[in-house]
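This report refers to the structure that appears directly beneath it.
The values are calculated or read from the model by the stated rules, or taken from the named source; none is laboratory data. Everything numeric here is computed off the predicted structure, so don't read it as measured data. Note that each Cβ is placed from the backbone with ideal geometry, even for glycine, and that neighbours are counted across all protein chains shown. With ligands, DNA and RNA removed, areas are computed over all heavy atoms of the protein, side chains included. Shrake-Rupley method; radii C 1.70, N 1.55, O 1.52, S 1.80 Å.
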Amino acid sequence: QVQLVESGGGLVQAGGSLKLSCAASGRTFSAYGMGWFRQAPGKEREFVAAVSRSGGATHYADTVKGRFTISRDNAKNTMYLQMNSLKPEDTAVYYCAARNSILAVTITQGYNYWGQGTQVTVSS
């Protein structure tokens, strides 16, 4: 069992930055690939970014590439999402997720565990 807790969300003006954190329980954090998803009101949950078990490989949605950076610190059992140049379109609930699967990193079915979500609101 893995518990995931997101933090760092909030209200920021367009062009600003936020850094999200995802804290994982236990000592098996390094066994899981990790990802961030987001869900805006009235829309389906969408892929944002993923990072491999070691942190050596990353993948980003086209909508955030160049603005967001995903990383992890396995010694701290924590994953991060640095969000820069935020846009109002980035407004959503952001979810942390953990995977141990061969399924594509961009789909929700590939992830075994999910956090509760943290709200990110970007104002104009």
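I'm checking my understanding of the structure. Among residues of the stretch 96-115 that are out of contact with any Asp or Glu (no Cβ under 7 Å at 6 or more places or on another chain) and under 13 Å from V48 (Cβ atoms), which one is least open to solvent (accessible area, probe 1.4 Å)? Spell out how you get there, then give the answer.
If we filter the stretch 96-115 for residues that are out of contact with any Asp or Glu (no Cβ under 7 Å at 6 or more places or on another chain), which is where we start, we get 97-114.
In the following step, the residues that additionally are under 13 Å from V48 (Cβ atoms) were identified as 97, 105-108, 111.
Working: A97: 0, V105: 49, T106: 59, I107: 63, T108: 52, Y111: 15 Å².
Ranking the qualifying residues of the stretch 96-115, first place goes to A97.
Quick check on this structure: which one of S30, S71, S54 is of a type in the set (S, T, Y) and in contact with a helix residue (DSSP H, G or I) (Cβ under 7 Å, 6 or more places away or on another chain)?
Working: S71 fails: in contact with a helix residue (DSSP H, G or I) (Cβ under 7 Å, 6 or more places away or on another chain); S54 fails: in contact with a helix residue (DSSP H, G or I) (Cβ under 7 Å, 6 or more places away or on another chain).
When all the criteria are applied, what remains is S30.
With respect to R72, determine if the residue is at pLDDT 95 or above, farther than 18 Å from V122 by Cα and in a strand (DSSP E or B).
Against the criterion (at pLDDT 95 or above, farther than 18 Å from V122 by Cα and in a strand (DSSP E or B)), R72 qualifies.
Restricting to the stretch 60-95, give me the number of residues that are closer than 21 Å to L11 by Cα and open to solvent by less than 40 Å² (accessible area, probe 1.4 Å).
14
Mind counting the residues in the stretch 3-58 that are more than 13 Å from the chain's Cα centre (by Cα) and crowded, with 17+ Cβ neighbours inside 10 Å?
Of the residues in the stretch 3-58, 3 are more than 13 Å from the chain's Cα centre (by Cα) and crowded, with 17+ Cβ neighbours inside 10 Å.
Report yes if some residue within the stretch 38-48 is touching a helix residue (DSSP H, G or I) at 6+ places or on another chain (Cβ under 7 Å) and closer than 19 Å to G110 by Cα; otherwise report no.
From the stretch 38-48, those touching a helix residue (DSSP H, G or I) at 6+ places or on another chain (Cβ under 7 Å) are 45; that's our starting set.
In the following step, the residues that additionally are closer than 19 Å to G110 by Cα were identified as 45.
Yes, the conditions are met somewhere in the stretch 38-48.
What is the number of the single condition among (1) at pLDDT 95 or above; (2) part of a loop (DSSP other than H, G, I, E, B) that H59 does not meet?
Failing condition for H59: (2).
Going by the conditions given, is T91 over 19 Å from V2 (Cβ atoms) and in contact with a Ser or Thr (Cβ under 8 Å, 6 or more places away or on another chain)?
Yes; evaluated as a whole, the condition is true for this residue.
So that you can scan it fast, the table gives a plain yes or no per residue for (1) at pLDDT 95 or above; (2) of a type in the set (V, I, T); (3) not in a strand (DSSP E or B):
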site	(1), (2), (3)
V5	yes, yes, no
G15	yes, no, yes
S30	no, no, yes
G35	yes, no, no
P41	no, no, yes
E44	yes, no, yes
A50	yes, no, no
V64	yes, yes, yes
